[in-house]
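**Q** The structure under discussion is supplied below as structure tokens; questions concerning it will follow.
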Amino acid sequence: MNSSENQETVCIFGTGDFGRSLALKMLQCDYSIVFGSRNPHKSSLLPSGAEVFSYSEAAQKSDIVIIAVHREHYDFLKELTEVLKGKILVDISNNLKINQYPESNAEYLAQLVPGAHIVKAFNTISAWALQSGALDASRQVFVCGNDSKAKQRVMDMVRTLGLTPLDQGSLMAAKEIENYPLHLFPMWKFPFYLSAILCIFFFFYSVIRDIIYPYVNGKKDSTFRLAISIPNRIFPIAALTLLALVYLPGVIAAILQLYRGTKYRRFPDWLDHWMLCRKQLGLVALGFAFLHVLYTLVIPIRYYVRWTLKNRTITQATAKTEDPFSTSTAWLYDSYIALGILGFFLFVLLGITSLPSVSNTVNWREFRFVQSKLGYMTLILCTAHTMVYGGKRFLSPSSLRWYLPSAYVIALIIPCTVLVIKFILILPCIDKILTQIRQGWERNSKPTSNGQYLKQSSIHLDSQL
Ligand SMILES: Cc1cc2nc3c(=O)[nH]c(=O)nc-3n(C[C@H](O)[C@H](O)[C@H](O)COP(=O)(O)OP(=O)(O)OC[C@H]3O[C@@H](n4cnc5c(N)ncnc54)[C@H](O)[C@@H]3O)c2cc1C
Ligand SMILES: NC(=O)C1=CN([C@@H]2O[C@H](COP(=O)(O)OP(=O)(O)OC[C@H]3O[C@@H](n4cnc5c(N)ncnc54)[C@H](OP(=O)(O)O)[C@@H]3O)[C@@H](O)[C@H]2O)C=CC1
Ligand code: HEM
Ligand SMILES: [Fe+3]
């Protein structure tokens, strides 16, 4: 009873999912809670210890009011303007779509209740996470507001709940904060659809080459290949192609900058978006590489592989012949596997550095070094792994089936293209121009007397003046 005197009372409007979850968490952290509700007597499932009143009654009991109501129902707050005057109103709402309304929900709230101090917070925390205590997912609470004292009080409250407040500045930041939880997934959409398309294409390609072709030509049933052989073709090919597509937008950007002779013009939207989801593309690629490695590890215990080996040995023994040991073949096999292992090692390293806990401990130069230099090294190793795997039969006509080359030959087109263009871009003569452009030099500018560059257009302007 004594401690209850020190307890801070917080009012929550709305007894819905989020209001109840937040109340439960706050009660656990020793706050006392009053709910405001349309029907104070009907509300059920409320955490024990919380009291329920009408909206205006509840508001009078605390100077912090958390609005756990959807924006569409904010209208009733207009009638409470007097009661809410001078109080801190915490807007926790989210929308369903990015930029759904012209102004942010928090700014809309500020218009409805002009006398209150509006603070945006909590919208990135889900009701489920609050209740289950599984807060590993997202502990970050973005906070913004125009009144710094009010903002500070809310940030203290966030800290007390075991969450991490991140001050995002004034209420102008509310729009971005509201868009943030909606923004997360679009970055994964492109990588997801792209890998689906790649997998489907190479699945049908491999089925034609490895199952239908042997059936039509020799009545051989190779359908068992659907389980391991074909996935172990599709996944590494998807990994290699996606990895190349991580580095392709960078070279396209460089070509565009060279062509335009300036870095001050916006990239087209598709390129912008592509650049922004490179991390996700890379991580999806890493996932496919993992699958390839796992499928590869089980090759020796496959029945088909053991049967083939045993049969070959028996055939040779009965025919009293022997396969002579070929050093060049041994070299070829060991090299491609070694290249694969090294490539995979760097691939994993890239994945590890993209974990926030790791990337926070390196400065941006180190991060760029790993992501860009080691990234290209990974691409080179994986491409070499695939080329050496192809080895002697790389482009030989005997590996064509119905004029279709092996799948890995097609898979090599994009990586090789990226590597060749990158190689050209780092030639000293081209690299020098590109570096100048990135430092702000423009081709259509002329040096002024003091050595600075002036844009052509401003020179025209000068002469007109
Ligand atoms: C497993 C894995 C994990 C990954 N994790 C991450 C990650 O956590 N974070 C991440 O960002 N990427 C990640 N990536 C993606 C990739 O490694 C990086 O995007 C990498 O920096 C790309 O290197 P780059 O040399 O092609 O591009 P960059 O060095 O970014 O440059 C590409 C081109 O863009 C242009 N450019 C870039 N910035 C500007 C600018 N400000 N103004 C004008 N032009 C500009 C330049 O002209 C340059 O030529 C990951 C990839 C993989 C495979
Ligand atoms: N659910 C979640 O995980 C998260 C939700 N949010 C945000 O929290 C807010 C509330 O979400 P949530 O609790 O899930 O929603 P619910 O629909 O579960 O609850 C909304 C509550 O608003 C109150 N309300 C007031 N006026 C109306 C009205 N006219 N019509 C209907 N309800 C009204 C009701 O409480 P009463 O009946 O007591 O009046 C109702 O329970 C939303 O803005 C949402 O964007 C933010 C982050 C995560
Ligand atoms: C531990 C690491 C790796 C090992 C041991 C390994 C091993 C192998 C083996 C044994 C094959 C031949 C498969 C077969 O005969 O069906 C192969 C093929 C291939 N690997 Fe790897 N690999 C590794 C990593 C990688 C990585 C990181 C990539 C690319 C991102 C990659 C891309 C490929 C490709 C494209 C093929 C050809 C697939 C086909 O058309 O059959 N590998 N690898
Ligand atoms: Fe909801």
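No value in this document is a laboratory result; all are computed from the given coordinates. Here the structure is a predicted model, which is why all the values come from computation and not from measurement. As a convention, Cβ positions derive from the backbone with ideal geometry for all residues, glycine included, and neighbour counts pool all protein chains shown.
**Q** So for ARG443, ARG209, fewest C-beta neighbours within 10 Å to most, what's the order?
**A** Going from least to most buried by this count: ARG443, ARG209.
**Q** If exposed means no more than 14 neighbouring beta carbons inside 10 Å and the site is in a DSSP loop, what's the longest run of the chain without any exposed chymotrypsin sites (Phe, Trp or Tyr not before Pro)?
**A** By the stated rule (loop sites, at most 14 other Cβ atoms within 10 Å), 1-263.
**Q** Among DSSP beta bridges lying fully in the chain, give the percent that are antiparallel, nearest 5.
**A** Once the DSSP bridges in the chain are tallied, antiparallel ones form about 20 percent.
**Q** Checking a compactness column here: for region 239-359, what do you get for Rg(Cα) / (2.2 N^0.38 Å), N being the number of residues?
**A** Taking the Cα Rg and dividing by 2.2 N^0.38 Å, one obtains 1.66.
**Q** Enumerate by residue number the trypsin sites (Lys or Arg not before Pro) in region 220-256 meeting two conditions: DSSP loop (anything except H, G, I, E, B), and at most 13 other Cβ atoms within 10 Å of the site's Cβ.
**A** LYS220
**Q** Round to the nearest 0.05 the FRET efficiency obtained for ASN99 and SER148 when R0 = 35 Å and r is the Cβ-Cβ distance.
**A** The formula returns an efficiency of 0.80 here.
**Q** Can I ask one more? Using DSSP, restrict attention to beta bridges with both residues in region 2-183 and report what percent are antiparallel, rounded to the nearest 5. The partial results should precede the final answer.
**A** Details: 2 of 26 bridges.
Of all bridge pairs located within region 2-183, approximately 10 percent are antiparallel.
**Q** So what's the angle, to the nearest 10 degrees on a 0 to 90 scale, between helix 186-207 and the longest Cα principal axis of the chain?
**A** The helix 186-207 is inclined about 30 degrees to the chain.
**Q** Let me know the shape class of region 44-105, please: from the alpha-carbon gyration tensor, a ≥ b ≥ c as square roots of the eigenvalues, rounded when a/c is under 1.5, otherwise prolate if a/b is greater than b/c, or oblate. Please report the intermediate quantities before stating the final value.
**A** On the way: a/c = 2.30, a/b = 1.44, b/c = 1.60.
The shape class here is oblate.
**Q** If you don't mind, there's one more thing I want to ask. Which shape class, rounded, prolate or oblate, goes with region 116-179 when its Cα gyration tensor gives a ≥ b ≥ c as root eigenvalues, a/c under 1.5 marks rounded, and past that a/b bigger than b/c marks prolate?
**A** prolate
**Q** Once the Cα atoms of helix 17-28 and of the chain are each reduced to a long axis, what angle between those two axes, in degrees from 0 to 90 to the nearest 10, is obtained?
**A** Helix 17-28 sits at roughly 80 degrees to that axis.
**Q** Let me ask you something else. Among the listed pairs LYS175/LYS373; LYS85/LYS149; LYS320/LYS392, give every one whose C-alpha distance is greater than 26 Å. Working shown, then result.
**A** On the way: LYS175/LYS373 36 Å; LYS85/LYS149 16 Å; LYS320/LYS392 28 Å.
Table pairs above 26 Å Cα-Cα are LYS175/LYS373; LYS320/LYS392.
**Q** Is there a quick way to get the dipole size of the chain? I mean about its Cα centre, with the Cβ of Lys and Arg at +1 and of Asp and Glu at -1; what is the value in debye to the nearest 20?
**A** Details: 46 positive and 31 negative charges, 462 e Å.
Computed charge dipole of the chain: roughly 2220 debye.
**Q** Take the cross-link list LYS279/LYS422; LYS25/LYS189; LYS61/LYS151; LYS97/LYS151 and give me the ones stretching past 28 Å between alpha-carbons.
**A** LYS25/LYS189
**Q** Next question, about the same structure. To the nearest 0.05, how large is the calculated FRET efficiency for ILE410 and PHE192 if R₀ is 22 Å and r is the Cβ-Cβ distance?
**A** 0.55
**Q** If the label point is 7 Å along Cα→Cβ of PHE76, which residues in region 21-47 have backbone nitrogen under 20 Å from it?
**A** Zone members listed by number: 21-24, 33-47.
**Q** Output the relative contact order of the chain, whole-number percent, from Cα pairs under 8 angstrom with separation of 6+ residues. Let's see the in-between values first.
**A** On the way: 575 pairs, mean separation 49.3, N = 465.
Value for the chain: 11 percent.
**Q** Using the 10 angstrom Cβ neighbour count as an exposure proxy, how do THR435, THR383 rank, fewest first?
**A** THR435, THR383
**Q** Here's a follow-up. With the cut-off at 1.5 for a/c, could you classify the chain from its C-alpha gyration tensor as rounded, prolate or oblate?
**A** Oblate, because a/c is 1.5 or more while a/b does not exceed b/c.
**Q** If contacts are Cα pairs under 8 angstrom and at least 6 residues apart, what is the relative contact order of region 187-426 in percent?
**A** On the way: 189 pairs, mean separation 65.7, N = 240.
The normalised contact order for region 187-426 reaches 27 percent.
**Q** Counting other beta carbons within 10 Å of each residue's own, what order do CYS429, CYS382, CYS277 fall into, fewest first?
**A** Least to most surrounded, the residues fall as CYS429, CYS277, CYS382.
**Q** Tell me the angle of helix 231-260 to the major Cα principal axis of the chain, expressed in degrees between 0 and 90 and rounded to the nearest ten.
**A** Value to nearest ten degrees: 70.
**Q** Here's something else I'd like to know. Counting each DSSP H run of 4 or more residues in the chain as -39500 (n - 2.57), what helix-only mean residue ellipticity at 222 nm follows after dividing by all residues, to the nearest 500 deg cm²/dmol?
**A** Roughly -17000 deg cm²/dmol at 222 nm, from the helical runs in the chain.
**Q** Hand me the GluC sites (Glu not before Pro) from region 72-118 located in a DSSP loop with no more than 14 other Cβ atoms within 10 Å, in residue order please.
**A** Sparse-neighbourhood loop GluC sites (Glu not before Pro): GLU103.
**Q** Another question, then. Projected onto the charge dipole of region 2-183 (+1 at Lys/Arg Cβ, -1 at Asp/Glu Cβ, origin at the Cα centre), which of LEU84, SER126, ALA68 gives the Cα projection farthest towards the positive end?
**A** Going by the charge dipole, the pick is SER126.
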